[in-house]
Structures are given as structure tokens and as C-alpha cells.
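The values are calculated or read from the model by the stated rules, or taken from the named source; none is laboratory data. Bear in mind that the values here come from a model prediction, so they are computed numbers and not experimental data. When we count neighbours, we look across all protein chains shown, and the Cβ atoms used for this are built from the backbone with ideal geometry, even at glycine. Heavy atoms of the whole protein, side chains included, go into the accessibility calculation; ligands, DNA and RNA do not. Shrake-Rupley method; radii C 1.70, N 1.55, O 1.52, S 1.80 Å.
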Amino acid sequence: MRSVPEADKRIERNTMSEIAIHVENLSKLYRIGELQKYKALRDTLSDALYAPFRAVASLRNGHNGHQPTCYGHPSNNHFLSLKYISFEVKKGEALGLIGLNGAGKSTLLKILSRITKPAEGYVRLHGRVGSLLEVGTGFHPELTGRENIYLNGAIIGMRKKEIDRKFDEIVAFAEVEKFVDTPVKLYSNGMYVRLAFAVAAHLEPEILLVDEVLAVGDAAFQKKCLGKMEDVTHEGRTVLLVSHAMAAIQNICSRAVLLNAGTMCADGPMAPVIRQYLEMVQSDAVLPLDNRTDREGSGSLTFINFYAVSPSRGVTDTVCTGEDVTLVAEYRAGNESALKNVSVAIPFFNHTGQQMFTCWTRMTGQDYAQVGPSGEFRVHIKRFPLMAGRYSLNLFSEVNGYLADWVRNAAILQVVDGDFFGTGHVVSDPHGGVAVRHLWEYVARHSSLER
Amino acid sequence: MMLLEGLLRSRNFGGDTEEIPPLEIYPASGWRFLDVRELWNYRELVYFLAWREIKVRYKQTAIGVAWAVLQPLAMMVIFTVFLGKLAKIPSEGVPYPLFAYAALLPWQLFSRTITESTNSLVADQRLITRVYFPRIIVPISTTIAAVVDFVIAAGLLLVLMLIYGVVPGAAAVWLPAFVLLMIVTALGVGFWLSALNVEYRDVAYTIPFLNQFWFFLTPVVYPSSLVPERWQVLYGLNPMVGVVEGFRWALLGVGKGPSPMLAVSILIAVALVISGIIWFQRREQNFVDALGSGGR
């Protein structure tokens, strides 16, 4: 009944003991409406009313009425989040999964960890699977540290016996010995996170699926941990890591898979795949905004052009740290009428995918009550704070509380060193990613003798 | 970070792993029944989720678990004063407080289960969209937590029986069977409502109304003998009728005991739980997509 005998045989034959993860022709279909809101009974009733007519129509067109709607030829309100993905991961191998936002990385991880089902395809996992899509899942603020260790442990798949055995170790690791019987709602943020990580750290699966946990913590500590994680894979544990932090991936993984808009466009050694990824990030943003199709939202508002204006050089794609910059996003309304209650956001990401800051009308209390059917939004940034580098921008807009348009990597902004502090010197040695206006003051203390 | 460090510290890697069969993932496959073995493997999670619910429910309350007794007790007092004394509703020869309380016990469990089951999956959205486990565990553990309250509240019934000097007869041996019928009914309705509420939040809004409606369709404050004889079998279509009548019969020795009405109730309860499981399993595959993943 299921079309996998071929895959079955192949696995059985060659690598029963060497392959940890086998993924074959995996696809996932989403209905856009389902992603955003739940159905009201009314919608289904009307759906049901029209269903017989649709079935008749599709029979007439020679389609099988029982097939998932539009599968294979996605219509406007369907999209394939994954398209026929196939790869294998050997035991003890660490595979990095990279791609732009919305490329399907998280969806793939969710299928592998059985949280969601694929629409097509087949996956075979050899060994106990532990997935950490988020640490501290199921932590309850009212429960004590002790209670949460047991609850969270059970949730991520540990046996009670196992937790009993590792309990002291977990508590010591999290350094919360004194507070183990205190409700976690009274914990400091640091304690809370340490405890969450400690439980996760004591899960000992053969296959570990990790999503973005490396995005926490300071760089030095990350480096230390990454170095050690390499050892893990030498112990024979298989790791599948999703991250936007290229440095992290590069340090842990020996191989990478690059996803783009749901398709697999590269699979191989780290360096060339990362190079391809970076090229993709750039070329993607070069495509005129108006022609981009990899966008989400209702389309009641569509961004059609974006550019930066520097006071000295006019329209540009390169700005200097510290100069006053104006960013312009031109838009068009979906049905040529005025739009009410419009919110616009432009988040900035650095080359590792880390979000640096966001300009958002809601943050400044400037959501637009009404805008015309076309026009442009301008955001003025005084003393542009980002240090030299390439930055990727998203364009995001909500109309009446619903997602209207969301274009990831809508544009690339090149930032070059500039005289941020107005000292006549260029800030060329970036200590950190952003410059912040600040003033120093010296206050002398009188020595005790004089007093 | 620390996560990674911990991974490295795990020395006994592979130590207690027996050879487990490979895990296979296929597309959603339509109708299927409960995977009992898998459920058994997750029994500890059922326990921990029920335990969480009980722990959390009475945290930061002044009188804690006494609420489990206080709620049915307060209702009993109100019904006794207004319905027993003022409206003079017959209670088949037993003191009205006892008559009402014996019915309020299973009713409270049922009413609490349907209310909490309905919201259970939505309330655990973060859990469901981040970790795999058989989702049916969620309404099951909600029901188990309600059973714990039921057991506590049952203590007061013993006290009341002592006070009024009512000694249960031989029929009392059937009590466990009626407790089971009560749990099966609550589970069945819980499965249906919790799964429906993931996709149709309308369900949650109907719950207060449904509760009231169902309450009056169940002989909690009045004896079922008020319902004309020829309607009795039809009346039994509400499985809570069988449960409540059974409780009174087993504990207080009133009512008819086994009857066609009871048989109908049992049939309906079993049908509810089986269809509930099948429906739940069918919809389960869409839960994550319907719940969304909270921005991730």
C-alpha cells in the first residue's frame, strides 16, 4: 500500500548499521490560510456545501477527488514548503542544514522529529531520536525546579528512572542547588535558562536534532562549546543542526545541505555549500522586488521597490556608519483602494543571520490609520549604527492585523566604515556590531587627606 | 551552550540502549485506531502531565485541595435549600443532601473533564508544536487529574452517609463498574471536544451552554423516575443518566438498577469513546498545522 519497498530494500542491503537518517522524496504542503488562523465552523459549513460541486468538477477534469487539494500544482493558497528532499546522514556524522528564512529547514526538522507529517515521502531513523527545537519546553512557572526537571525530562523523552539517576547532576550543572524547591517563576532569567539547558543536556539520544540553540550565549562561550561538540560526533552520535550562524555550523558539521524555497540545492562539504549560500543571499536580493514571488501574506499591500538614500550621495546601496540614512519602501495596494490600519517593519540581519535591530511603525507608535492605494514609506535613521559589513533586510507589513506582505532578504545594504562619533576619525576597528552614541564624563574624587 | 557541554559529558552513551527497531515516518494515512503499545510507552508522560495539572491547579490557593470538596458541597447546599426544601423535589426517600451529592460527584467530574479537555490541546500548544508524543495523552491526563479530585470529593460522601446513617447494600459491589462508565463517558466526550476545538474554536464557546444543557438532561437534582416510563430508554441516550442512576442505586439503594435505560447509556458511552478515539487519531495529524507554531 505504501510505496517504499524499494527504499526498504536498499537500506536493508547496504547500510543497516551505518546510516542514521534516511530521507527520501520528502514533501510538505501548507495551506496558507491554515498557517495563520484556525477555521471557524461557518467556513467549513460553506466548504462542505461547495465540496460536492468541486468534486464533480475535478472528476470531469480527470482528477481523483480524494487527492490532497491541488497537490503537485499548488494554487495561490497552497505552497510546498518542502519539495522532494532526499539525503542520508551516516552514523556519527554532523550535518548542517542551511538556507534563507522560510527555506523549509524548520519544517524538515519538524518532520524528522515527528511533530508534523509529510505530504509525501519517507523517512527512516536508526536509533533513539532526541529533538531540541526549544529548550525548556513544558516548563511551568508555578512548579518548582525539581518538579520542572521531572516534567520537562519526561516531555523530551527521558524515563523517570533516568531522571532519578541524573537528577543531582542536572541540578549541579544548572547551579541551582539552593533553589531546587523554589517555583521557577521566582528564578532569575539566567537560572531559568541554565536549568532548561541542563535538562536538555542530559538527554542522550543517538540522533540529535537541534534548531538554533546556538543563538544564545556570548561568543566566547559558544566557541568553547562548539569545540567540544565536535568531540560528540566522534563518539558516534549523529547530529542534525539548523542554524543561521555559519560559524557554528562550520565548526560542528563536516557536511551541509542547502535548502532554498523548499528544494535542496546543494549537499556536500561545508565550505563550498556555505559559499553557495552566501552567493544566494546576495543574488536573491538583486532580483527586483516587484518580481519576487517568495513572499508571504494576503497581498492587500505589496512592496514593489526599495532603496536607501544618503544625504551626500543620493540613492545608493552602500551607506557609511554614522551618516543619516533614509530608507524608502514603495508599495502598491492589492485592489487599488485605500488601506486602513497599516503597520510596516524593516528588520536588519547581519551575515550570520542574526537580527541586529528593527525599524517598526508600531515601536515608534506610528502605525498608519489610513494610506492611499500606492505610495512610499520612508524611515529616517539618524547616525546609522551598524558597523561595516553586509546586511540583509526584510520588508514586513500588516494591514488590519493580518499579514499583508513579507519579503525576506528584500534588499542587501552594504555598510562601510564611517565617522560615527564625529571625531574626524573613521570607526574602523569595530568593537561589536553596532555603534552607540555616548558621552564620557570625568568626576574627580577628593582624597581623604584634603577632607 | 550548556546543552552542548552536557552532551559531551554524557559518557555512558549507548549504555542503556537496547537494539531498537528503526523509526519510520510516512505521510498522514487516514483512519487508524489507537496504537496501544505506543501509548503504553508514553505512560510516564501521561502520569507527569496529570500530576502537573493537579499540582498547578492548587498552587497559590489558600485552601488548596479542599476546593475539590468545597465545590460539590456548596452546590449540594444550594440544591438542598432551593430544590429540596423550597421546591420540594422528590428524592426517592433518601435525604435530599445525600441524594444530590451522590449525583453531583460524577457530574462534577464529567463537567470538569469536558471543560478542561476542550481547552487542553490549545492550552498545550507550545508543547504540541515542539515535541512529539501521542496527542491523545493530553485529554487522557486531563481526565485522570479530574478523577483525583473525584476521589477526594468522594470522601465527603462517606461522611454524609455516616451522618445520615445510610448503609449501602450488596449493590455497592457494582460501584467500580459505574465509576468506569463515568470515566469512559468523560473520556469519550473529551476526545471529541478537544480534537474539534483545535480546528473550530467555536467549541470552546459552546461549553458553558453545553454544560448547563447537559446538567438538566441528567438526573442530578431530580430523580429519573420523574421522566415518563415510555421516554426512559430515550432518556438513557445521555450516558450520564446511566452513570448518575448507577451511583444512586449502588450507594443509596434507590432507583431501578440494571434496566434498558442503563444498557442504552452503556452502549452510547462505549460508542462515544471508540468514535472519539478514531476521530481524534484522524485529526491528530493536522493539529500542529492548525495550531501553528508560535512564530517559529
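Looking across the range A:151-177, the residues that are open to solvent by less than 40 Å² (accessible area, probe 1.4 Å) and free of Cβ contacts under 8 Å to residues at least 40 places away in the same chain come down to A:LEU151, A:ALA154, A:ILE155, A:GLU162, A:ILE163, A:LYS166, A:PHE167, A:ILE170, A:VAL171, A:PHE173, A:ALA174, A:VAL176.
Being within 10 Å of another protein chain (Cβ to nearest Cβ), touching a residue at least 12 places away in the same chain (Cβ under 8 Å), in contact with a Pro (Cβ under 8 Å, 6 or more places away or on another chain) and surrounded by 20 or more Cβ atoms within 10 Å (Cβ to Cβ) is a description that applies to A:LEU125.
So that you can scan it fast, the table gives a plain yes or no per residue for (1) within 11 Å of another protein chain (Cβ to nearest Cβ); (2) closer than 28 Å to B:ASP289 by Cβ:
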{"residue": "A:TYR84", "(1), (2)": "no, yes"}
{"residue": "A:LEU109", "(1), (2)": "yes, yes"}
{"residue": "A:ILE115", "(1), (2)": "yes, yes"}
{"residue": "A:GLU120", "(1), (2)": "yes, yes"}
{"residue": "A:VAL135", "(1), (2)": "yes, yes"}
{"residue": "A:LYS160", "(1), (2)": "yes, no"}
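A residue that is closer than 17 Å to A:ALA261 by Cβ, in contact with a Leu (Cβ under 9 Å, 6 or more places away or on another chain), among the hydrophobic types (A, V, I, L, M, F, W, C) and modelled with pLDDT of 90 or more cannot be found anywhere in the range A:128-148. Please work out which residue is farthest from A:GLY322 (Cα to Cα), limiting yourself to the range A:385-400 and to residues that are in a loop (DSSP other than H, G, I, E, B) and open to solvent by less than 30 Å² (accessible area, probe 1.4 Å). Per the criteria, the residue is A:MET387. For the range A:173-188, the set of residues classified as farther than 14 Å from A:VAL199 by Cα and either among the hydroxyl-bearing types (Ser, Thr, Tyr) or not in a helix (DSSP H, G or I) (or both) consists of A:ASP181, A:THR182, A:PRO183, A:TYR187, A:SER188, listed by residue number. Annotation: of all residues in the range A:141-150 being more than 7 Å from every other protein chain (Cβ to nearest Cβ) and in a helix (DSSP H, G or I), the one that is surrounded by the fewest Cβ atoms within 10 Å (Cβ to Cβ) is A:ARG146. Are any of the residues in the range B:220-240 open to solvent by less than 60 Å² (accessible area, probe 1.4 Å), modelled with pLDDT of 90 or more, assigned to a helix (DSSP H, G or I) and closer than 19 Å to B:VAL179 by Cβ? Yes, that holds for at least one residue. Give the residues of the range B:129-165 that are open to solvent by less than 10 Å² (accessible area, probe 1.4 Å), β-branched (Val, Ile, Thr) and away from every other protein chain (no Cβ under 14 Å), sorted by residue number. Matches in the range B:129-165: B:ILE136, B:THR142, B:THR143. Looking at this structure, is A:GLY92 within 14 Å of the chain's Cα centre (by Cα) and in the same structural domain as A:GLU279 (by TED's automatic domain parsing)? For A:GLY92, the condition - within 14 Å of the chain's Cα centre (by Cα) and in the same structural domain as A:GLU279 (by TED's automatic domain parsing) - is not met.
Taken residue by residue, the range A:341-360 has no member that is closer than 18 Å to A:GLY401 by Cα and open to solvent by 80 Å² or more (accessible area, probe 1.4 Å). Only one of these conditions is not met by B:LYS88: (1) loosely packed, with under 13 Cβ neighbours inside 10 Å; (2) within 14 Å of chain A (Cβ to nearest Cβ); (3) over 30 Å from A:LYS110 (Cβ atoms); (4) basic (Lys, Arg). Which number is it? Every listed condition holds for B:LYS88 apart from (2).
Restricting the range A:361-384 to residues that are free of Cβ contacts under 8 Å to residues at least 24 places away in the same chain and either closer than 18 Å to A:ASN305 by Cα or not polar (S, T, N, Q) (or both), the residue that is surrounded by the fewest Cβ atoms within 10 Å (Cβ to Cβ) is A:GLY365.
One residue is enough: does the range A:189-197 have a residue meeting the conditions assigned to a helix (DSSP H, G or I), in contact (Cβ under 8 Å) with a residue 12 or more places away in the chain, at the interface with chain B (Cβ under 7 Å from one of its Cβ atoms) and open to solvent by 20 Å² or more (accessible area, probe 1.4 Å)? Yes. The set of residues in the range A:168-188 being in contact with a Lys or Arg (Cβ under 9 Å, 6 or more places away or on another chain), small (Gly, Ala, Ser) and either away from chain B (no Cβ under 11 Å) or more than 18 Å from A:GLU134 (Cα to Cα) (or both) is empty. Taking residues in the range A:129-150 that are within 25 Å of A:GLU206 (Cβ to Cβ), and partners anywhere that are open to solvent by 30 Å² or more (accessible area, probe 1.4 Å) and among the β-branched types (Val, Ile, Thr), the pairs with Cβ atoms closer than 9 Å and at least 6 places apart or on different chains are A:VAL135/A:VAL193; A:VAL135/A:VAL216; A:GLY136/A:VAL193.
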